[in-house]
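Below: one structure, written as structure tokens.
The values are calculated or read from the model by the stated rules, or taken from the named source; none is laboratory data. Because the structure is predicted, anything quoted here is derived from the model rather than measured. All Cβ positions, glycine included, derive from the backbone under ideal geometry; neighbour counts span all protein chains shown. Surface areas here come from the heavy atoms of the whole protein model, side chains and all, with no ligands, DNA or RNA. Shrake-Rupley method; radii C 1.70, N 1.55, O 1.52, S 1.80 Å.
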Amino acid sequence: MTNHISKKKFMEELCRYQKGSVTRRHFLGVTGLGAATAVLGSTMPGLRATTAMASDIGDRVVLATWPNYHDEANFEMFTDKTGAFMQVNVFGSNEEMLAKLQAGGSGWDVYVPTNYTITTYVEEDLIEPLDLSKLPNYDPAAFDPRFSDAGIVDGVVYAVPKNWGTTGMAINTSHNGGKPFTSWKEFFDRTMDDFSGRTMVHDYQLTTIGAALNYHGYSFNSVDEAELADAEKLLIDVKPHLFAITSDYQPAMRSGDAWLTICWTGDGKQLSTDIPEIAYALGKEGGELWSDYYAIPKGAPHMEAAYALINFMLDPEVNAREVLAHGYPVADSRTNELLPEEILNDPILYPAAELLDALEFGAAATLTDPNRAELLARFKSA
């Protein structure tokens, strides 16, 4: 036993596992028996995967995804059902995901690209066309096309919807008289004033540059050189006043070290639920409306496991548990039928139509625009 636990402790953990009070993953991890599962399977059948899928899909699946974006219990359930262990790699930007796949040898089986990136993955032959016969839980008719169409390129399905959301800001209102901010002008101006040293922006060109463009009244997706120059000047001026540049901003908001951040819907919901004085708001000048997808990179090493994981995550009951954990809205009507009314009526998840009207879906050109990439690099190194 690699963990060198006592026989008494081992038997206690075995008893807990057999009673169902701990997961298979917990038991194997605590006892150090992960590598010995196959040997033990003959004498302890309960350690085997509970479906025939295990022998079909292999022993692991590698997922590249975003921070705070899943229900860990669903991953454990997938492992229990299939015998395939989940390895999760977390990324902070679509540029980082693209660069990793362009470099080759990512080792990923499934990844979670955002709507505007998928045409680039297709053009660069970095994404597998999906065999929908292996995804029986995918019902195209159940999805709102606004948040599913980007997965289809030239009539071929390359990606299926995970969830959607908005990009706004989270503010600890206890530092602003109990009121949220309402604009990107307020976000940046106050960062250079009484919120100095307490603000975070994403480590991600689309949203950070987009917010600076919105400050000036420009399009979130602009690639106009003069407009990008205005955005860069603002970001360079703001840089000394930032607490951090990161896409994993929850820890600092929770600790109180930061008071303000660019924020995605689900993070806003998670923070607001746990710390009610943290409010989520959209900037009145604009911002991002987005949808994320499940996709398989070209040449995924565990292809059958990739299909099994995506199909599992598309199960409406599994997806409903995801929503309750991560706080992002989904476009699947089957899942929404399983969710409580307070979720479906939540203004963070489902903002008023007039607020959504000002938002833009990300544009494919922004992902590969050299001026945007260079701007972000200068900003981060300033």
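Answer yes if at least one residue in the range 181-193 is of a type in the set (A, V, I, L, M, F, W, C), within 30 Å of Val110 (Cβ to Cβ) and over 21 Å from the mean Cα position of the chain (by Cα), and no otherwise. Working first, answer last.
In the first step, residues of the range 181-193 are kept if they are of a type in the set (A, V, I, L, M, F, W, C); the result is 181, 184, 187-188, 192.
Remaining after also requiring within 30 Å of Val110 (Cβ to Cβ): none.
No, every residue in the range 181-193 fails to be of a type in the set (A, V, I, L, M, F, W, C), within 30 Å of Val110 (Cβ to Cβ) and over 21 Å from the mean Cα position of the chain (by Cα).
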Checklist entry - Is there any pair linking a residue in the range 74-93 that is closer than 12 Å to Val61 by Cα and touching a residue at least 60 places away in the same chain (Cβ under 8 Å) to one that is β-branched (Val, Ile, Thr) and open to solvent by 10 Å² or more (accessible area, probe 1.4 Å), with Cβ under 8 Å and at least six apart or on different chains, and which? => result Thr82/Thr51; Thr82/Ile57; Ala84/Ile57
Next on the checklist: Residue pairs, Cβ under 8 Å, 6 or more apart or interchain, first in the range 219-237 and open to solvent by less than 50 Å² (accessible area, probe 1.4 Å) and at pLDDT 95 or above, second among the charged types (D, E, K, R) and outside any helix (DSSP H, G or I). List them.
Outcome noted: Ser219/Glu360; Phe220/Glu288; Phe220/Glu360; Asn221/Glu360
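Select from the range 102-115 the residues that are in contact with a strand residue (DSSP E or B) (Cβ under 7 Å, 6 or more places away or on another chain) and farther than 19 Å from Arg60 by Cβ and write down the one among them that is surrounded by the fewest Cβ atoms within 10 Å (Cβ to Cβ).
Among residues in the range 102-115 that are in contact with a strand residue (DSSP E or B) (Cβ under 7 Å, 6 or more places away or on another chain) and farther than 19 Å from Arg60 by Cβ, the one surrounded by the fewest Cβ atoms within 10 Å (Cβ to Cβ) is Thr114.
Taking the conditions exactly as written (out of contact with any Cys (no Cβ under 8 Å at 6 or more places or on another chain), surrounded by fewer than 18 Cβ atoms within 10 Å (Cβ to Cβ) and aromatic (Phe, Trp, Tyr)), does Tyr307 satisfy them or not? Outline the logic, then answer.
Details: out of contact with any Cys (no Cβ under 8 Å at 6 or more places or on another chain): yes; surrounded by fewer than 18 Cβ atoms within 10 Å (Cβ to Cβ): no; aromatic (Phe, Trp, Tyr): yes.
Criteria not met by Tyr307.
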Checklist entry - Just checking, how many residues over the range 192-211 are farther than 10 Å from Ile262 by Cβ and hydrophobic (A, V, I, L, M, F, W, C)? => result 4
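This table checks each residue for (1) acidic (Asp, Glu); (2) part of a helix (DSSP H, G or I); (3) touching a residue at least 12 places away in the same chain (Cβ under 8 Å).
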| site | (1), (2), (3) |
| --- | --- |
| Asp189 | yes, yes, no |
| Met200 | no, no, yes |
| Asp203 | yes, no, yes |
| Ala211 | no, yes, yes |
| Asn214 | no, yes, yes |
Item to check | Residue within the range 175-187 that is of a type in the set (Lys, Arg) and either out of contact with any Phe, Trp or Tyr (no Cβ under 8 Å at 6 or more places or on another chain) or more than 30 Å from Asp315 (Cα to Cα) (or both) present | outcome: yes
Checklist entry - Among the residues of the range 255-286 satisfying the criterion of being in a strand (DSSP E or B) and small (Gly, Ala, Ser), which is surrounded by the fewest Cβ atoms within 10 Å (Cβ to Cβ)? => result Ala279
Checklist entry - What number of residues in the range 131-155 are within 16 Å of Asp332 (Cα to Cα), part of a helix (DSSP H, G or I) and hydrophobic (A, V, I, L, M, F, W, C)? => result 4
Checklist entry - Which condition number does Thr167 fail, the rest of (1) within 20 Å of the chain's Cα centre (by Cα); (2) more than 21 Å from Ala365 (Cα to Cα) being met? => result (2)
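Okay, residues lined up against (1) open to solvent by 30 Å² or more (accessible area, probe 1.4 Å); (2) touching a residue at least 12 places away in the same chain (Cβ under 8 Å):
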site	(1), (2)
Asp332	no, yes
Asn336	yes, no
Pro340	yes, no
Ile348	no, yes
Glu354	yes, no
Asp357	yes, no
Thr368	yes, yes
Next on the checklist: Only one of Thr208, Thr182, Thr199, Thr173 is open to solvent by 10 Å² or more (accessible area, probe 1.4 Å) and under 17 Å from Asp267 (Cβ atoms). Can you tell me which?
Outcome noted: Thr173
